[in-house]
Amino acid sequence: MILAIETSCDETAAALIDAGGCLRANVVSSQAELHARFGGVVPEVASRRHLELISPVVQSAMDEAKLSFEQLDGVAVTQGPGLIGALLVGISAAKAIAWARGLPLIPVDHLLGHVAALYLEPVALEPPFLCLLTSGGHTLLLDVQEHASFRLLGTTLDDAAGEAFDKGARMLGLGYPGGAALDRLAREGDSSAYSFPVARLDGLNFSFSGLKTALFYEVRGLESGELERRRADLAASYQRAIVRALVERTLQAAEKIGAGQIAVAGGVAANSELREALSGAALAPIELCTDNAAMIASAARYLKPLKLPGYLGLDAYASRQLA
Ligand code: KG4
Ligand code: ZN
C-alpha cells in the first residue's frame, strides 16, 4: 500500500493505492477560493494553507481507505515542478511519515503524475502512446514509450493552454481559476462569432499569447454594457481557437511518430470541447485531470523507491529541463 501526497500548487491532496494499482482513497482539498480574490495563486498563501491542511487531508485519506499507518509499504510525494514552498510542505510531511515508520520514499515528477492518471482504471492505458499534457503550467506533446519516462515532442513557447483559459476567463469577468467557467459559458455562445488566430509555428510547438492579446483588444473595443451581451460568443470563439490549436498539433504529432494511440491528460483535458474533439483518444477521467494525488500514487508504482536515510536530504525543484 502506497500513500501519495501532492502539494505542488493550490490543491492539498493525498491518495492510497494498493499493490495491484487499485485506488483505495483519493482526497483533494482545493484552495481555489482562498486565492480567488487575488486573481491567481499567491505562493506564500498556498504554502501556509498546505501546512494547515496536510495532516487532516492525509488522515482523511487513511480513514477513507480504513487503513492504519502500520499497513503502509511506502510514501510517494510530488518533488516538482511547482511552487517551491508548496512542494516543501508535502515533501516534509512525506519524509516525516516515512521516517517515523522506516518506510521507503518515492519522489514523483508532477508531469509524469499527470500522464500516470491514464494508467488508472477505468482508462488503464498501457504505453506506447502519444500524450497531450495540457494544464495550467504546461502544454506538452509527449512520446510515451514506457510507464515512467517520456520524450518531449513539442511545448508552448509562451503561455500554457490552461493559462490562456484562465487569462481569457479573467478578461471576461469569470473569476479565478476560470477555465471551467469559460467552458460552461462557451456552451451558450456561437463559436464562429469571432475569428481568433490559431498560431501555426514550425515543428510541434504551441503559442497562445497572440490569441490572448486578440481577446484583449476585442473586449477593450466593446461599448460599455456590450460585454455582457457578447460574453458567451467571445468565450465560445476563444475556446474554439485554443482547442483547434491543441487538436491540430496533436494529430500532426501522432502522424509524425506513427502513434497508434493518442491520450490526453492535465487540467485542460477536463474541457468539454477538447474531449469531444478528441473523443477517439484515451481521456483521463475528469476528476483525475486537475491536480490530485491519485496520479502521483499511480506514477510511484513504476519508480524506484529511495531507502532511509538517503531521502532525508531530498529537495523540491521548481522547474526542470525537458529533453
Ligand atoms: O493540472 P492542473 O490542475 O494544474 C497544473 O498542473 O497546472 O490544471 C489547472 C488548469 C487551470 O488553468 C484551469 O483553468 C484548467 O486547468 N481547467 C480547464 C477546465 N478545468 C480546469 N480549462 C478548460 N476547461 C475546463 N473545463
Ligand atoms: Zn498539474
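Taking only Cα atoms, what is the 0 to 90° angle, nearest 10, from helix 209-220's long axis to the longest principal axis of the chain?
50 degrees
What are the lysines whose alpha-carbon lies under 19 Å from the alpha-carbon of LYS212, with same-chain residues fewer than 8 places away excluded?
Counting by Cα, and skipping residues close in sequence, LYS212 has these lysines nearby: LYS167.
Got the relative contact order for the range 119-233 handy, in percent, Cα pairs under 8 Å and 6 or more residues apart?
Relative contact order of the range 119-233: 22 percent.
Counting only C-alpha contacts under 8 Å and six or more residues apart, can you give the relative contact order of the range 190-323 as a whole percent?
Dividing the mean separation by the residue count of the range 190-323 yields 21 percent.
For helix 161-171, what angle does its Cα long axis make with the longest principal axis of the chain, in degrees from 0 to 90 and rounded to 10?
60 degrees
So which trypsin sites (Lys or Arg not before Pro) in the range 17-89 are both in a DSSP loop and have at most 15 other Cβ atoms within 10 Å of their Cβ?
Sites meeting the loop and neighbour criteria: ARG37, LYS66.
In whole Å and largest first, what semi-axes does the C-alpha gyration tensor of the chain yield when each eigenvalue is scaled by 5 and square-rooted?
35, 22, 16
Tell me the angle of helix 43-65 to the major Cα principal axis of the chain, expressed in degrees between 0 and 90 and rounded to the nearest ten.
60 degrees
Over the chain, what is the relative contact order in whole percent, taking alpha-carbon pairs under 8 Å and six or more residues apart?
The normalised contact order for the chain reaches 24 percent.
For the chain, modelled as a Gaussian network with Cα springs under 10 Å, which listed residue fluctuates most, ALA180, ALA236, ALA259?
Result: ALA259 has the largest fluctuation of those listed.
Could you list the chymotrypsin sites (Phe, Trp or Tyr not before Pro) in the range 15-103 that lie in coil according to DSSP, counting only those with at most 13 other Cβ atoms within 10 Å of their Cβ?
Hits after loop and neighbour filter: PHE38.
Using only DSSP helix segments of four residues or longer, with each worth -39500 (n - 2.57), what per-residue ellipticity at 222 nm results for the chain after dividing by its residue count and rounding to 500?
One gets -12500 deg cm²/dmol as the mean residue ellipticity at 222 nm.
Each reported figure results from applying straightforward, stated rules to the coordinates on display, with no laboratory input. These figures come from a predicted structure and were not determined experimentally. So basically every Cβ, Gly included, is an ideal-geometry build from the backbone, and we count neighbours across all protein chains shown.
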